[in-house]
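**Student:** Have a look at this one before I ask anything.
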Amino acid sequence: MTITTHAAPDSRPMSATGSTNAARDSLILGGRAIREAIRTPDSLFPTILIPLFFLVVNVGQAARIFPADGTSFLQGQNYGAFQLPASLLLSASFGGAALYLVEEIEGGYFDKLRATPISRMALVLGRLYAEFVKTMVVGTVMVVLALLFGIRVESGFLGFLVLVVMVSLWAMVFSGFMQLIAVKTRSAAATQGASMVFFPLLFLTPNFVPRDQLTRPMEVAATINPVTYVMEGARSLILDGFDGPSLVKAFAVVAVAMAAMLALSIKMVNSYD
């Protein structure tokens, strides 16, 4: 692989040319990661099958409790429509960017990249671009399968696109924080173990019922949990159409988390020794 060389010192703000080179380097590294995924398609199976398994199990357990024609928060849809966003976010947590990064660190390839005049932003964003693309594909497949079982996206085709993009951006955020742990620990076991933090975050949300139907302690926990707002934004696209306040909160959480993740990641890579 040929990396375009340029001189953009990490400690100085990037010029327009430096930004262009960083974007180009990121796309090169992202393309490499996508080719890896294409060569190992079996790695995508858990990303689809496990979230679908949870979707089927959760709907099977609670669908009779929350019938479509007698449950106001379902807006006339079946309970699967309420559960679909949780499965999409679960799928977004299966990205392998951090584990691949650990492999590169252990194999010495990461040090070789750092020795080149490549942008530190590209080292961070390359695999995250690939996670975005992979989650777009997986999310599309999951929503199409849901449509076959009678779930509707009330916001239409545009809402479907917004839904998949939102979940894919969240996949970048989550994978980015996992990359932070990978660079800090340089351990596959520690990185894989840290990825389990998503499950408590996912279940401390209005996962099974709306937030106003939770017990008070759970409602407080859900309110301070950023994943709640991403889930509610995704859910609004499926059940309600375009709900401005919910979407603004969802994308605001994604944007703030993305900015924090990128700043910390670049700092971590710059101080890496």
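The values are calculated or read from the model by the stated rules, or taken from the named source; none is laboratory data. Remember, it's a predicted structure, so these values are computed and weren't measured experimentally. Cβ atoms come from the backbone with ideal geometry, glycine included; neighbour counts cover every protein chain shown. Each accessible area value is taken on the protein alone, full model and side chains, heavy atoms only, with ligands, DNA and RNA left out. Shrake-Rupley method; radii C 1.70, N 1.55, O 1.52, S 1.80 Å.
**Student:** What are the ³J(HN,Hα) values, in whole Hz, obtained from phi via the Karplus relation 6.51 cos²θ - 1.76 cosθ + 1.60 with θ = phi - 60°, for each residue of segment 124-132 in sequence order, with x given for Gly and Pro?
**Tutor:** For segment 124-132, the Karplus curve yields 7, 7, x, 6, 5, 4, 5, 4, 4 Hz.
**Student:** Please list 3J(HN,Hα) in residue order for segment 260-272, calculated via the Karplus relation 6.51 cos²θ - 1.76 cosθ + 1.60 where θ = phi - 60°; whole Hz, with x for glycine and proline.
**Tutor:** 5, 5, 5, 4, 5, 5, 5, 4, 5, 5, 5, 8, 5
**Student:** Let me ask something additional. Starting from the 7 Å offset along Cα-to-Cβ, what nm value, one decimal, do you get for the label separation of VAL137 and SER271?
**Tutor:** 3.6
**Student:** Would you list, by chain and number, the lysines whose Cα falls below 21 Å from the Cα of LYS184, excluding same-chain residues fewer than 8 positions away?
**Tutor:** LYS112, LYS267
**Student:** Explain nothing, just compute: Karplus ³J(HN,Hα) = 6.51 cos²θ - 1.76 cosθ + 1.60, θ = phi - 60°, for every residue of segment 199-211 in order, whole Hz, x for Gly and Pro.
**Tutor:** Calculated HN-Hα couplings, in order: 5, x, 4, 5, 7, 8, 10, x, 6, 9, 9, x, 4 Hz.
**Student:** Is the chain rounded, prolate or oblate when judged by the Cα gyration tensor, a ≥ b ≥ c being the square roots of its eigenvalues, rounded requiring a/c under 1.5 and prolate requiring a/b larger than b/c?
**Tutor:** prolate
**Student:** Additional query: Give me the number: length gained by fully extending PHE199 to VAL256, i.e. 0.36 nm times residue separation minus the C-alpha to C-alpha distance, one decimal in nm.
**Tutor:** Contour length minus Cα-Cα distance gives 18.4 nm.
**Student:** Continuing with this model, one more query. Return one whole number: the accessible area per residue of segment 168-273 in Å², for a 1.4 Å probe.
**Tutor:** Solvent-accessible surface per residue comes out at 45 Å².
**Student:** Taking a cut-off of 17 Å between Cα atoms, list the aspartates and glutamates near LYS134, but don't count ones fewer than 8 places away on the same chain.
**Tutor:** List returned: GLU36, ASP42.
**Student:** Per-residue counts of other Cβ atoms within 10 Å, averaged by peptide: what ranking do you get for 247-255, 118-126, highest first?
**Tutor:** Output ranking for 247-255, 118-126: 118-126, 247-255.
**Student:** Can you tell me the 0 to 90 degree angle between the C-alpha axis of helix 79-92 and the longest principal axis of the chain, rounded to 10?
**Tutor:** 10
**Student:** Another question, if that's okay. Based on the alpha-carbon gyration tensor of segment 77-178 and its eigenvalue square roots a ≥ b ≥ c, which shape applies: rounded if a/c is under 1.5, prolate if not and a/b is larger than b/c, or oblate?
**Tutor:** It is prolate, given that a/c is not under 1.5 and a/b is the larger ratio.
**Student:** First compute the accessible area of the chain with a 1.4 Å probe, then give the percent of it belonging to carbon and sulfur atoms.
**Tutor:** Of the solvent-accessible surface of the chain, carbon and sulfur hold 67 percent.
**Student:** For the ranges 220-231, 130-141, 105-116, what's the packing order if you count other beta-carbon atoms within 10 Å of each residue, average per peptide, and put the highest first?
**Tutor:** Result, highest mean Cβ count within 10 Å first: 130-141, 220-231, 105-116.
**Student:** Tally Lys/Arg at +1 and Asp/Glu at -1 over every other residue whose Cβ is under 11 Å from the Cβ of ALA222; what's the total?
**Tutor:** Neighbourhood net charge equals -1.
**Student:** With a ≥ b ≥ c the root eigenvalues of the C-alpha gyration tensor of segment 149-273, is it rounded (a/c under 1.5), prolate (a/b larger than b/c) or oblate?
**Tutor:** prolate
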